[in-house]
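Below is one structure, written out as structure tokens, with a few remarks after it.
Throughout, read-outs are computed from the coordinates displayed, never taken from laboratory work. Fair warning: this is a prediction, and the values are worked out from it, not measured in the lab. Here the Cβ positions follow ideal geometry from the backbone for every residue, glycine too, while neighbour counts run over all protein chains shown.
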Amino acid sequence: MPEVVRALNAREAALAGDRAAIRAYTAEALGRWSGWSEPISTALLGNWADPLYNEGWLSPGALGLFLAEASVINQQLTPI
């Protein structure tokens, strides 16, 4: 399954509040430990997928935008 499809499925899980699916996506698809679940779920709800819903397509860099946003959120949530 293409990575962007897995991300969109995880986005739907985040919208539904399915924390188990987010943890599974974070660990299995992204290879990140459980501490990344919150940044990942927050970034999944961001605007990276808007072009798909508004225009019917995603740019090749959409997944990269999502992952970059997750990294920024992770840094923001990391205690000093």
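Listing for the model above:
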{"quantity": "Length gained when the stretch TRP57-ALA21 is fully extended (0.36 nm per residue, less Cα-Cα span)", "calculated": "10.5 nm"}
{"quantity": "Full-extension gain in nm, GLN76 to SER34, via 0.36 nm per residue minus C-alpha separation", "calculated": "13.5 nm"}
{"quantity": "Relative contact order for the chain, counting Cα pairs under 8 Å that sit 6 or more residues apart, in percent", "calculated": "28 percent"}
{"quantity": "Global form of region 1-47, assessed from the alpha-carbon gyration tensor, a/c cut-off 1.5", "calculated": "rounded"}
{"quantity": "Ranked packing of 9-21, 48-60, 29-41, most packed first, by mean Cβ within 10 Å", "calculated": "29-41, 9-21, 48-60"}
{"quantity": "Magnitude of the charge dipole, the chain, Cβ model with Lys/Arg +1 and Asp/Glu -1, debye to 20", "calculated": "220 debye"}
{"quantity": "Hydrodynamic radius of region 35-74 per Kirkwood, over alpha carbon pairs, in Å", "calculated": "10.3 Å"}
{"quantity": "Rotationally averaged projected area of the chain (alpha carbon convex hull; nm²)", "calculated": "5.2 nm²"}
